[in-house]
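Derivation of every value follows stated rules applied to the coordinates shown; laboratory data play no part. All values reported here derive from a predicted model rather than from experimental measurement. Every residue, glycine among them, receives a Cβ derived from its backbone with ideal geometry; neighbour counts consider all protein chains shown.
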Amino acid sequence: MSDTRETDLLGHVPDGLYIGGQWRPATGGRTFAVTDPSTGETVKEIADASVEDGVAALDAASEAFPSWSTTPARHRAEILRRAFDLLTERKDDFALLMTIEMGKPLKESAGEVTYGGEFLRWFSEEAAHVQGRYGANPEGTGRMIVTQHPVGPCYLITPWNFPLAMATRKIAPALAAGCTVVVKPASQTPLTTSLFVQLLEDAGVPAGVVNVINTSTSGPVSEAIISDPRLRKLSFTGSTSVGEKLLEQAAVGVLRTSMELGGNAPFIVFEDADLDKAVEGALAAKFRNIGEACTAANRFIVHSSIAEEFARRITDRVRDFRTGRGTDEGVTIGPLIDERAVEKVSELVRDAVANGATLRIGGEVLERPGTFFAATVLSDVRPGSQILREEIFGPVVAIVSFTEEDDAVRLANDTEFGLISYVYTQNLARGMRMIERLETGMLGLNVGVVSNPAAPFGGWKLSGLGREGGAEGIHEYLQTKYTLTPDPFA
Ligand code: NAP
């Protein structure tokens, strides 16, 4: 750890579990280490929740539910708005902490604080706008009343790649709707959530409304919470394989679920694209967050007439990238999250090259402390290569080419995932055809980044269920009640 500002900040991050408004150690005093992926060093030891701690967190969320769910929406909204203001004030601390535990460049961490904060503002505005319906039934014999109610205590599981935004994207709509929550951050990046919950406390969130359990044994701890009949909702962001397991567990209690799972985004560049803009969009869609984003472009599907030029331009830009610790000036590519991630990316690149792809730049693990993989460009990637089937989750561009529009669509849809697609074309009709033909929950049409708290984020096929953000986001935490009453004039 390099400087006193980091030491001070880490000293301020609570190291306990947050249950019923109290910071407390885990049962038996167990702890686990959080490391800096750019050095491999431990930065802090934090409490390691047991099954018993998980159940205690659900006890607290269940006890707080009656009071929070009947708190006026305006009051809940004002607390969320205060949280937004505090986060804006403390932006630098959150950005630095995320860079320390996750590795992304500081500028990108600051971008995540802005993005993550916007969920607090958006849902503070949505909280007071939940509405019902009233009207005569078609027969005219009665009145139909439709009302919305918070679903109950929720369990929120977040991943390590966006430690703040994935938490605010779940916590803000849940609280806006009147739900109480137990949050389980990823074991690699729990510190940001702890600092954020301290902020929620400062913003006035009452005891028990938000509870946090860090744990190194997410399987058994989660299973105990999910199988508890008091839980009414599970929201998960992470890999499809874990999501499928959790869906099975959630089926027993017929829980409401939101699942934000893996992606395998196609990035199509047609021959009529503005190539300058396509290259800028490609760099943003691929290298933001070190390529460790579910929205990261995974397969570049480029028209054969421009594929060589596109690959050359991307390679030239990648040559100027600077890899290093995210806190260092000018760094554009930080470390991957851990050894396992480095092994996976190495294997995908090795397999692509063995199948005949051209390695234009990068392709190797960097010889230095931490878990760094060089930014890489592969062109002429052959069909059947693993890299076209799997989510890369690293700084690797894989380019294939096509000649006919139908082939581009077929290649793009040839995946079990359907989170996001990107298309670059200046032909309006073609762009409209892509909206209709691509099997995707989200589409970037001539843009490389689409995420926005005001938009419904989510996927088709194995990429998930439900939507986060937008007008849809709060409804994931509400349930509908229909009441019929006789015609009052009869
Ligand atoms: P992961 O291994 O599925 O982990 C995600 C979360 O699930 C972590 O909190 C993890 O905790 C927890 N977890 C793991 N096994 C569990 C189990 N058996 N029971 C309960 N919880 C369990 O995924 P990841 O590698 O951290 O994240 C990368 C994946 O997330 C990628 O596939 C990416 O596409 C996806 N993602 C999707 C979106 C989206 O919105 N669609 C956004 C971001 C990321 P531990 O750390 O303790 O294992």
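Within the chain, the selection of entire DSSP H helices by a Cα span of 20 Å or greater along the long axis and an average Kyte-Doolittle value of at least 0.0 returns 51-69. Only helices enter the 222 nm calculation for the chain: every DSSP H run of n ≥ 4 contributes -39,500 (n - 2.57), and dividing by all residues gives -12500 deg cm²/dmol, rounded to 500.
Cross-link pairs exceeding 30 Å between alpha carbons, from the set LYS91/LYS245; LYS91/LYS481; LYS44/LYS104; LYS245/LYS344; LYS91/LYS461; LYS107/LYS233: LYS91/LYS245; LYS91/LYS481; LYS91/LYS461; LYS107/LYS233.
Modelled spin labels at ALA33 and MET144, positioned 7 Å past Cα toward Cβ, are 6.2 nm from each other. Positive-end ranking of MET434, ILE361, GLY324 along the dipole of the chain, with charges on Cβ about the Cα centre, is headed by MET434. Taken over region 283-346, the percentage of Cα pairs per 10 Å bin, counting from 0 up to the bin with the maximum distance, is 18, 44, 31, 7, 0.
Exactly which GluC sites (Glu not before Pro) in region 104-170 are in a DSSP loop and have at most 14 other Cβ atoms within 10 Å?
GLU139
Contact order for region 115-198, expressed relative to its length and based on alpha carbon pairs under 8 Å spaced 6+ residues apart, stands at 33 percent.
Could you compute Rg(Cα) / (2.2 N^0.38 Å) for region 127-174, with N its residue count?
Details: Rg = 17.9 Å, N = 48, 2.2 N^0.38 = 9.6 Å.
Taking the Cα Rg and dividing by 2.2 N^0.38 Å, one obtains 1.87.
Taking the Cα atoms of region 249-388, the ratio Rg/Rh between the radius of gyration and the Kirkwood radius comes to 1.02. The per residue volume of the convex hull around the alpha-carbon atoms of region 4-61 is 96 Å³.
What's the magnitude of the charge dipole for the chain around its Cα centre, counting Lys and Arg as +1 and Asp and Glu as -1 at the beta-carbon? Answer in Debye, nearest 20.
Approximately 880 debye in magnitude.
Only beta bridges with both residues in the chain are counted; by DSSP, about 45 percent of them are antiparallel. Computed on the Cα atoms alone, the convex hull of region 227-268 gives a volume of 67 cubic angstrom per residue. Scan region 382-437 for GluC sites (Glu not before Pro) in coil per DSSP, keeping those whose Cβ has at most 12 other Cβ atoms within 10 Å, and list them by number. Passing sites in region 382-437 are GLU404, GLU416.
Considering region 184-234 at the alpha-carbon level, its Rg and Dmax are found to be 12.4, 32 Å. In whole angstrom, region 108-246 maps to an equivalent ellipsoid with semi-axes of 31, 20, 14, each derived as √(5λ) from the alpha carbon gyration tensor and ordered largest first. Net charge dipole, region 1-61: roughly 120 debye, given to the nearest 20, about the Cα centre with Cβ charges of +1 for Lys and Arg and -1 for Asp and Glu.
For region 441-490, the alpha carbon convex hull comes to 146 Å³ per residue, rounded to a whole number. Put simply, the Cα atoms of region 340-490 extend 80, 43, 24 Å along their principal axes, the longest span coming first. If both residues of a DSSP beta bridge must be in region 66-203, then about 50% of such bridges are antiparallel. Extent of region 156-315 along its three principal axes (Cα atoms, max minus min coordinate, largest first): 59, 37, 29 Å. Each listed q (0.17, 0.31, 0.32 Å⁻¹) maps to a log10 I(q)/I(0) for region 264-315 from the Debye sum over equal C-alpha point scatterers, namely -0.47, -1.29, -1.33. In region 1-120, Cα pairs under 8 Å separated by at least six residues give a relative contact order of 23 percent. Binning all Cα-Cα separations of region 325-408 at 5 Å, short to long from zero, yields these whole-percent fractions: 3, 15, 24, 22, 16, 10, 6, 3, 1, 0.
Using only Cα atoms, figure out Rg for the chain and give it as a multiple of 2.2 N^0.38 Å.
The reported ratio for this selection is 1.01.
With both labels modelled 7 Å from their Cα along Cα-to-Cβ, the VAL447 to ARG319 distance reads 3.2 nm.
For region 220-322, averaging the sequence separation of C-alpha pairs within contact (under 8 Å, six or more residues apart) and dividing by the residue count gives a relative contact order of 24 percent. Average projection, convex hull of the Cα set of region 228-301: 6.4 square nanometres. Please go through region 234-332 and write out the GluC sites (Glu not before Pro) that DSSP classes as loop and that have at most 13 other C-beta atoms within 10 Å. Passing sites in region 234-332 are GLU329.
Could you list log10 I(q)/I(0) for region 97-156 at q = 0.12, 0.28 Å⁻¹, which the Debye formula gives when each Cα is one point scatterer? Once normalised to I(0) and log-transformed, intensities are -0.59, -1.09. For region 2-127, the mean projected area of the C-alpha convex hull, equal to one quarter of the hull surface, is 9.0 nm².
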